[in-house]
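Beneath this line is the structure, given in structure tokens, with notes to follow.
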Protein chains: 2
Amino acid sequence: MGSGNNNRLSRRGLLLGAAASTIGTAVSATASATAATDAGDMLDLNRRYDFYGEVGQAGIRTPPQRHIFYMTFDLTSPLRRDLQVLLARWSGAIAQLMQGGTIGQVEPSRPNATGFDTGEALDLGPASLTVTVGLGPKVFTDTYGLADQKPPLLRNLRQLPSDDLKPELTGGDLSVQACADDPQVAYHAVRDLARIAKDTGAAATRWTVMGFGRASAGKGQTTPRNLLGFKDGTRNIIEEADFEKFIWLKEGGPSWQRNGTYQVVRKIKMHIENWDTDRIGDQNNVFGRFKVSGAPLTGAEEFDTPDFRKQDPGGNLVIPATAHIRLAAHENNNGLRILRRSYNYTDGINEIGLLDAGLLFISYQNDPAHFETIQEKLGASDALNEYISHIGSGIFFVPPAPRKGSYIAQEMFT
Amino acid sequence: MGSGNNNRLSRRGLLLGAAASTIGTAVSATASATAATDAGDMLDLNRRYDFYGEVGQAGIRTPPQRHIFYMTFDLTSPLRRDLQVLLARWSGAIAQLMQGGTIGQVEPSRPNATGFDTGEALDLGPASLTVTVGLGPKVFTDTYGLADQKPPLLRNLRQLPSDDLKPELTGGDLSVQACADDPQVAYHAVRDLARIAKDTGAAATRWTVMGFGRASAGKGQTTPRNLLGFKDGTRNIIEEADFEKFIWLKEGGPSWQRNGTYQVVRKIKMHIENWDTDRIGDQNNVFGRFKVSGAPLTGAEEFDTPDFRKQDPGGNLVIPATAHIRLAAHENNNGLRILRRSYNYTDGINEIGLLDAGLLFISYQNDPAHFETIQEKLGASDALNEYISHIGSGIFFVPPAPRKGSYIAQEMFT
């Protein structure tokens, strides 16, 4: 998983080697012979995580897997009981799926019976599957007798300067974030859960995004790249103490919500063909980092702390005032931090023949206002805005992991 | 890669175990504890293949990787020289990409320069990348002075009974099949090649499909499953002698076309939500196989040879007359065989809220009529037709691998 430091260095050597050759001729490929010798870059498709637990749901602190299927649902039944059954059935199914299992028979012995499980993940390992369930604002209403269970800070996000939201990519009453190191394992999970939703009559599919390659690092992972080619997630939250401080709910609201968190999701379109014609100096200034190394413009290595006050000999800020890392930095946001768990996506080719791609941005925080504060600043000044549009959005409360024998948010029905 | 027989058996045990529990309750997940212990299920992201060679292009006989980006292009310049430059530049770029490299500088030293390579695959291994280039019928016309170089059997496919083709998903003058075990590596390759096409003015993007999970086996691989949950590719071509007989061109046409082949691609929509409500007995009859084991209905193990004449005590064929494996079998098609190299895809949720998914079917054969013969039979009688629609289509001649120092189809310009 990920490549070590040695590999990074050899790849950088490779890059310089390749740059010396002329593009467009059938160059010898031997220059890159050192790039592929890191025996550590293996993906273990048998790794698995537990669904049940004592703290937050899996898929938040879990090191980001390589693939995501994210899907939202609309509630379609006004009955409290239907919602309850759905959450109970989803929980039982997720527990089995995360162990690499099926949710029931694929091939019942009676030929007239229908399989419970759709079967396409048979023979595949658990592949680090995690399924994380979120509850939208509509859950906590009088319709379901749950108004008094509302997480105190759950509400619709306010309009932000970067918004260009499409209704068909926005909202939802329930969310399912399925992440795995095999896309078919993640797809299978979402498909089986969508089937249960339909079967109970409680909810129907709303919008979905399939993401890959991840664009945020977890503990022990090297930092991946977004589709603008930049490392994304260098300053992400990884320490236990920061999860306690910024992610997990500790007080306020019903006690069953302790160790829950708020999930914000944004579908961010990137105008990658425009970006690809931009000068490298401008690209580096937009992010405030060097593209290849990921180092801040004031540093030499990826994890060097940015010096936001440093000026060049002409008196200009080295990390420009509109640079993405300056605006997003906790130093410049009263210490606020959010956990990012984003993935790259592509929707193929758009109606005018351009590559249609971007970022499925997902953040976790113990107060949605933290996301809004940072995004309001980014949306107003970020040099990146020329190349991106926020086209989809959602907000959900993510209950803590259920204990064994229980199910997601069981306590709110009692 | 794939799981061994032991794992298959333990998964089957798991399945039976899961079936005994009640769906919808928070069952213990310990039943599946044996499923995830096959230490062999590792994916080596440093594996790489050579672009240059003496026979067919990589990506045909190569064991199928886990991901595909398939893209077609329209020729946009009438100049022979532009086509020639495009194929030369693509070849040089592909050779470097397959080694895990970039196609040139990501971060030029002059800030006013633009990067050659978009950079999002830096730090990633070669991940078994192969890029396979195909030439459509329009290449071999008087426009480019190439009418006399036309592969003798290249022509548009005739209309088939299964056709429900959408113009925006059909045709193309060039095709790029990029397969890798990491989706970002495959995406990066296609993006860089699309950029070169734009830069030369020779070609523009037409349609694309991103596929995953593969649905056909290669040598040494276990058989994967399509999104109908069935193993797909059990009887695929794997032996050298069959490649010589059915895939690589050996005679007819210009000599540079030896070891070329014809690529047929079909985007096949699967109505998976309808399928999921079908009785298991019917599903097994539609394919002619048992869903879990993959064994033919006349056998006990996946690789048992189907007995197409066997009848049940009532005198009915055990493998029905309309079963997919009967209609597609070489025994019932005068010995015809084609190489299938297909992938699953999803387009998310369709306009009526149903999961929108299917199969990117790709076949290779030394005569496109072989595909037509089999598909005509399937389209007319296959029980599967109720659940699928062919919505996209293309046909391309795939030249042999270029020798080092040369580029794809160089000989046709001399």
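Is one or more of the residues making up the stretch B:195-212 assigned to a strand (DSSP E or B), under 23 Å from B:L339 (Cα atoms) and of a type in the set (S, T, Y)? So far as the stretch B:195-212 goes, yes, one or more of its residues are assigned to a strand (DSSP E or B), under 23 Å from B:L339 (Cα atoms) and of a type in the set (S, T, Y).
Is it the case that the stretch B:141-150 has a residue that's in contact with a Gly (Cβ under 7 Å, 6 or more places away or on another chain), of a type outside the set (S, T, Y) and crowded, with 17+ Cβ neighbours inside 10 Å? So far as the stretch B:141-150 goes, no, none of its residues is in contact with a Gly (Cβ under 7 Å, 6 or more places away or on another chain), of a type outside the set (S, T, Y) and crowded, with 17+ Cβ neighbours inside 10 Å. If you check A:K267, A:K231, A:K250 for being under 19 Å from the mean Cα position of the chain (by Cα) and more than 19 Å from A:A217 (Cβ to Cβ), only one passes: A:K267.
Of all residues in the stretch B:278-317, those being over 27 Å from the mean Cα position of the chain (by Cα) and either modelled with pLDDT under 95 or more than 27 Å from A:G104 (Cα to Cα) (or both) number 11.
Going through (1) basic (K, R); (2) surrounded by 18 or more Cβ atoms within 10 Å (Cβ to Cβ); (3) part of a loop (DSSP other than H, G, I, E, B) one by one, B:R266 falls short only on (3). If the condition is being within 10 Å of chain B (Cβ to nearest Cβ) and among the acidic types (D, E), then the stretch A:58-98 contributes only A:D74. Could you tell me whether B:N259 is in contact with a Pro (Cβ under 8 Å, 6 or more places away or on another chain), open to solvent by 10 Å² or more (accessible area, probe 1.4 Å) and of a type outside the set (D, E, K, R)? It is true that B:N259 is in contact with a Pro (Cβ under 8 Å, 6 or more places away or on another chain), open to solvent by 10 Å² or more (accessible area, probe 1.4 Å) and of a type outside the set (D, E, K, R).
Table: residues versus (1) touching an Asp or Glu at 6+ places or on another chain (Cβ under 9 Å); (2) in the same structural domain as B:F73 (by TED's automatic domain parsing); (3) farther than 26 Å from B:T62 by Cβ; (4) touching a residue at least 60 places away in the same chain (Cβ under 8 Å).
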| site | (1), (2), (3), (4) |
| --- | --- |
| B:T132 | no, yes, no, yes |
| B:S162 | yes, yes, yes, yes |
| B:Q184 | yes, yes, no, yes |
| B:G213 | yes, yes, no, yes |
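Per the listing A:T114, A:T72, the residue uniquely among the hydroxyl-bearing types (S, T, Y) and either out of contact with any Lys or Arg (no Cβ under 9 Å at 6 or more places or on another chain) or under 24 Å from B:R225 (Cβ atoms) (or both) is A:T114.
Taking the listed residues A:G145, A:G134, A:G101, the one that is away from chain B (no Cβ under 14 Å) and in contact with a helix residue (DSSP H, G or I) (Cβ under 6 Å, 6 or more places away or on another chain) is A:G145, with no other qualifying. Scanning the stretch A:284-307 for residues that are within 8 Å of chain B (Cβ to nearest Cβ) and open to solvent by less than 10 Å² (accessible area, probe 1.4 Å) yields a single hit, A:K291. Do you know which of the residues in the stretch A:179-200 that are more than 10 Å from every other protein chain (Cβ to nearest Cβ) and under 22 Å from A:P137 (Cβ atoms) is farthest from the chain's Cα centre (by Cα)? So the residue we want is A:A197. Within the stretch B:43-59, is there a residue that is open to solvent by 20 Å² or more (accessible area, probe 1.4 Å), in contact with a Lys or Arg (Cβ under 7 Å, 6 or more places away or on another chain) and of a type in the set (S, T, Y)? Checked the stretch B:43-59: at least one residue is open to solvent by 20 Å² or more (accessible area, probe 1.4 Å), in contact with a Lys or Arg (Cβ under 7 Å, 6 or more places away or on another chain) and of a type in the set (S, T, Y). Within the stretch A:112-128, can one find any residue that is outside any loop (DSSP other than H, G, I, E, B), touching a residue at least 24 places away in the same chain (Cβ under 8 Å) and in contact with a strand residue (DSSP E or B) (Cβ under 7 Å, 6 or more places away or on another chain)? Looking for residues that are outside any loop (DSSP other than H, G, I, E, B), touching a residue at least 24 places away in the same chain (Cβ under 8 Å) and in contact with a strand residue (DSSP E or B) (Cβ under 7 Å, 6 or more places away or on another chain), one finds none in the stretch A:112-128, hence no. Regarding A:T234, is this residue of a type outside the set (A, V, I, L, M), part of a loop (DSSP other than H, G, I, E, B) and either under 30 Å from A:E168 (Cα atoms) or facing chain B (nearest Cβ under 9 Å) (or both)? Against the criterion (of a type outside the set (A, V, I, L, M), part of a loop (DSSP other than H, G, I, E, B) and either under 30 Å from A:E168 (Cα atoms) or facing chain B (nearest Cβ under 9 Å) (or both)), A:T234 does not qualify.
The set of residues in the stretch A:205-214 that are more than 25 Å from A:G100 (Cα to Cα) and either more than 9 Å from chain B (Cβ to nearest Cβ) or of a type in the set (G, A, S) (or both) is empty.
Checked against (1) buried (at least 19 other Cβ atoms within 10 Å of the Cβ); (2) among the polar types (S, T, N, Q); (3) in contact with a helix residue (DSSP H, G or I) (Cβ under 9 Å, 6 or more places away or on another chain), B:N274 meets all criteria but (1).
The values are calculated or read from the model by the stated rules, or taken from the named source; none is laboratory data. These numbers were taken from a predicted model, which means no experiment stands behind them. Neighbour counts run over all protein chains shown; Cβ positions are idealised from the backbone, glycine included. Surface accessibility is based on the protein's heavy atoms, side chains included, excluding ligands, DNA and RNA. Shrake-Rupley method; radii C 1.70, N 1.55, O 1.52, S 1.80 Å.
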